[in-house]
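Have a look at the structure below, then the notes.
The values are calculated or read from the model by the stated rules, or taken from the named source; none is laboratory data. If you're wondering where the values come from, they're calculated on a predicted model, not measured in any experiment. As a convention, Cβ positions derive from the backbone with ideal geometry for all residues, glycine included, and neighbour counts pool all protein chains shown.
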Amino acid sequence: MNSSPSQKSGASRRAFLASTMVSTMTLTLLERQRADAATPPLTKDTAREPLRVTLRINGRDQQLALDIRTSLLDALREHAGLTGTKKGCDQGQCGACTVLVDGKRHLSCLTLAAAAEGRDITTIEGLSSADGTLHPMQQAFIDHDAFQCGYCTPGQIMSAIGCVNEGHAGSDAEIREYMSGNLCRCAAYPNIVDAVNDAKTKMQKA
């Protein structure tokens with residue numbers, strides 16, 4: 001039985017498409033092989049090569065070699081030697097690790113150090129003046145006994161400064177709301193509110 005011209009045409013099209021697909025797949029495989037040959041295999045050693053980052057901390061650039069997974073909290077404490085920022089829950093729930101990044105509050109335990117490169121980071125160590133004069137918020141916490149054991153205090157102070165700068169310290173209720181992410185196991189909350197109210201006026205005048 002002779003095939004019709006349309007059947008022959010269909011067969012030739014299928015053959016053409018099949019051969020084209022095979023050729024394309026062959027070229028793709030060859031390109032992948034070339035790429036694999038040009039790229040060295042990822043080994044345990046290369047996977048652990050440190051990431052070199054430059055962090056601007058308290059007005060000074062610090063070059064650090066870090067694991068890519070290093071949090072900003074661990075970079076500050078373990079690599080930059082700034083232990084004022086405290087590690088509490090390490091899950092972003094207690095606020096003890098609060099620092100300012102470009103003037104805004106950040107939980108450093110949930111922030112990758114690499115993500116903070118090129119930004120201004122301020123820790124509790126960077127608040128006082130060169131002559132030792134305390135930041136108004138630091139002084140207010142002292143004046144109002146806004147701490148007991150003191151472990152959460154660095155994070156409380158950094159968060160309080162951010163709270164004022166963000167315009168969220170208009171009333172006692174607003175201060176409590178926007179400081180609620182910072183836990184004080186000693187329950188010095190009333191004195192913390194008093195300290196924020198005291199410091200905000202001085203900060204606005206500065």
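Of the strands (runs of 3 or more DSSP E) lying entirely inside segment 39-152, those containing at least 1 residues that are out of contact with any helix residue (DSSP H, G or I) (no Cβ under 7 Å at 6 or more places or on another chain) and at pLDDT 95 or above are 51-57, 60-66, 104-107, 120-122.
Anything in segment 153-206 that is of a type in the set (Gly, Ala, Ser), within 22 Å of GLN91 (Cβ to Cβ) and surrounded by 19 or more Cβ atoms within 10 Å (Cβ to Cβ)? List them, or say none. GLY155, SER159, ALA160, GLY162, listed by residue number.
When each of ILE175, ILE161, ILE157, ILE192 is tested for being in contact with a Leu (Cβ under 8 Å, 6 or more places away or on another chain) and either at positive phi or free of Cβ contacts under 8 Å to residues at least 60 places away in the same chain (or both), the lone residue that passes is ILE157.
Scanning segment 84-116 for residues that are out of contact with any Cys (no Cβ under 7 Å at 6 or more places or on another chain), within 17 Å of LEU66 (Cα to Cα) and among the polar types (S, T, N, Q) gives a single hit, THR111. Do we find that THR201 is among the hydroxyl-bearing types (Ser, Thr, Tyr) and modelled with pLDDT under 95 in this structure? Yes; evaluated as a whole, the condition is true for this residue. Residue count for segment 74-88 satisfying the condition of being within 20 Å of CYS163 (Cβ to Cβ) and either exposed (fewer than 15 other Cβ atoms within 10 Å of the Cβ) or not hydroxyl-bearing (Ser, Thr, Tyr) (or both): 3. Just one residue in the set ALA173, ALA187 is farther than 23 Å from LEU76 by Cα, among the hydrophobic types (A, V, I, L, M, F, W, C) and assigned to a helix (DSSP H, G or I); that residue is ALA173. Restricting attention to segment 119-136, the residues that are over 14 Å from ARG56 (Cα atoms) and either in contact with a Pro (Cβ under 7 Å, 6 or more places away or on another chain) or of a type in the set (Ser, Thr, Tyr) (or both) total 4.
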